[in-house]
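Below: the structure, in structure tokens.
The values are calculated or read from the model by the stated rules, or taken from the named source; none is laboratory data. Since the structure is predicted, the reported quantities are computational estimates derived from the model, not experimental observations. Note that each Cβ is placed from the backbone with ideal geometry, even for glycine, and that neighbours are counted across all protein chains shown. For the accessible areas, the whole protein counts, side chains as well, though only heavy atoms, and no ligand, DNA or RNA atoms are used. Shrake-Rupley method; radii C 1.70, N 1.55, O 1.52, S 1.80 Å.
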Amino acid sequence: MTTDTMRIFLDTADVATIHDAYSTGIIDGITTNPTLIMKSGRRPTDVYDELADMGIRDISMEVVEPTAVGMVREANKLIEKFGEVATIKVPCTKAGLQACRELANNNVRVNVTLIFSPSQAILAAKAGATYVSPFVGRVDDNSFGGLCLIKDIVNIYQQQSWFQTEVLAASIRNVRDVGRAFEYGANICTIPPNVFEGMYNHILTDKGLELFDEAWKCVEATTVT
Ligand code: G3P
């Protein structure tokens with residue numbers, strides 16, 4: 001089931017892992033990138049095919065051509081094959097923004113990725129992006145506040161009553177940042193599988209369950225049937 005708010009995407013191209021997580025009914029979409037596809041060891045279209053067969057309705061597929069014309073050509077092939085399942089991911093470069101404009105004019109969902117500043121998010125929005133992907137972890141790696149970037153972009157869009165572009169927090173490396181990104185107004189968080197596992201796993205839940213199970217054994221022993 002897809003909800004409109006607080007959406008969680010998985011940031012991986014590992015089909016088996018996605019299958020396992022998607023079966024929870026909690027995952028709303030998938031983001032991939034060239035590094036994740038390389039790690040999967042598979043052809044990108046084979047990965048997308050299997051994800052689409054699973055019933056996933058929003059898969060970010062990154063185009064890699066250097067020019068806007070090339071990106072649009074690559075995107076059109078993906079759209080032809082995968083239709084509305086495909087969200088085309090373009091980098092926040094001049095060519096990427098040009099491609100974004102053209103694709104958005106043709107009602108294609110575009111995810112503008114590699115966003116590291118509010119100014120990039122402004123241009124991506126004006127180019128018609130459906131999603132902007134600020135890289136929280138990589139901003140943190142460089143001694144700036146990744147979550148502040150989310151907050152700044154959300155504030156700008158809100159101040160300007162700009163509702164057609166959603167903030168998709170990416171490069172999320174830990175559970176805490178998921179909560180914070182949503183608190184600061186991100187519409188979507190895309191997270192690696194280990195962070196997804198970390199979100200529901202808690203040592204006190206395991207301990208509590210252990211105590212309940214122990215208690216239940218005594219209930220069973222004393223219950224008269
Ligand atoms: O969604 C972008 C993400 O894949 C990058 O994550 O951890 O390589 O910065 P990371």
Once fully extended, how much extra length lies between Asp4 and Ser117, figured as 0.36 nm per residue of separation less the alpha-carbon to alpha-carbon distance? 38.2 nm
Most fluctuating residue given options Thr205, Thr130, Thr87, as computed from a GNM of the chain linking Cα atoms under 10 Å: Thr205
Under the rule a/c < 1.5 gives rounded, and otherwise a/b versus b/c splits prolate from oblate, where does the range 132-225 land using the Cα gyration tensor? prolate
Treating the range 49-119 as a set of equal point scatterers at the Cα positions, no solvent, please give the Debye-formula log₁₀ I(q)/I(0) at q = 0.22, 0.24 Å⁻¹. -0.89, -1.01
Kirkwood radius from Cα pairs of the range 114-184 plugged into Stokes-Einstein at 10 °C, 1.306 mPa s, gives D in µm²/s equal to 133 µm²/s
Per the Cα gyration tensor, the chain corresponds to an equivalent ellipsoid with semi-axes, largest first in Å, of 36, 22, 15
Contour minus end-to-end for Asn76 and Thr93, with contour as 0.36 nm per residue of separation and end-to-end as the Cα-Cα distance? 4.2 nm
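Per the Kirkwood definition applied to all pairs of different Cα atoms, how many angstroms is the hydrodynamic radius of the range 1-96?
Working: mean 1/r = 0.0727 Å⁻¹.
Final number for the Kirkwood radius of the range 1-96 is 13.8 Å.
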Between Gln159 and Asp213, what is the label-point separation in nm under the 7 Å Cα-to-beta-carbon projection? 5.3 nm
Among Lys151, Lys89, Lys81: highest mean-square fluctuation, GNM of the chain, C-alpha pairs under 10 Å: Lys81
At 1.4 Å probe size, with the rest of the protein present, what percent of the exposed accessible area of the chain is carbon and sulfur atoms? 55 percent
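How large is the charge dipole for the chain, taken about the Cα centre, if only the Cβ atoms of Lys, Arg (+1) and Asp, Glu (-1) carry charge, to the nearest 20 debye?
Details: 20 positive and 28 negative charges, 184 e Å.
That gives the chain a dipole magnitude of about 880 debye.
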Model label zone, Val69; criterion: amide N under 20 Å from point 7 Å along Cα-to-beta-carbon; scope the range 98-136: 98-106
Just the Cα atoms of the range 37-165: what Rg and Dmax do they give in Å? 15.1, 43
Asn174 and Asp53 label points (each 7 Å along its Cα→Cβ direction) are spaced in nm at 3.9 nm
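Let me check against my output: what whole-number percent is the relative contact order of the chain, with C-alpha pairs under 8 Å and at least 6 apart?
Numbers: 367 pairs, mean separation 37.8, N = 225.
Normalised by residue count, the contact order of the chain is 17 percent.
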Mean ellipticity per residue at 222 nm, deg cm²/dmol - from DSSP H runs of n ≥ 4 across the chain, formula -39500 (n - 2.57): -16000 deg cm²/dmol
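With respect to the cross-link table entries Lys89/Lys151; Lys39/Lys207; Lys151/Lys207, which display a Cα-Cα separation exceeding 32 Å?
Lys39/Lys207; Lys151/Lys207
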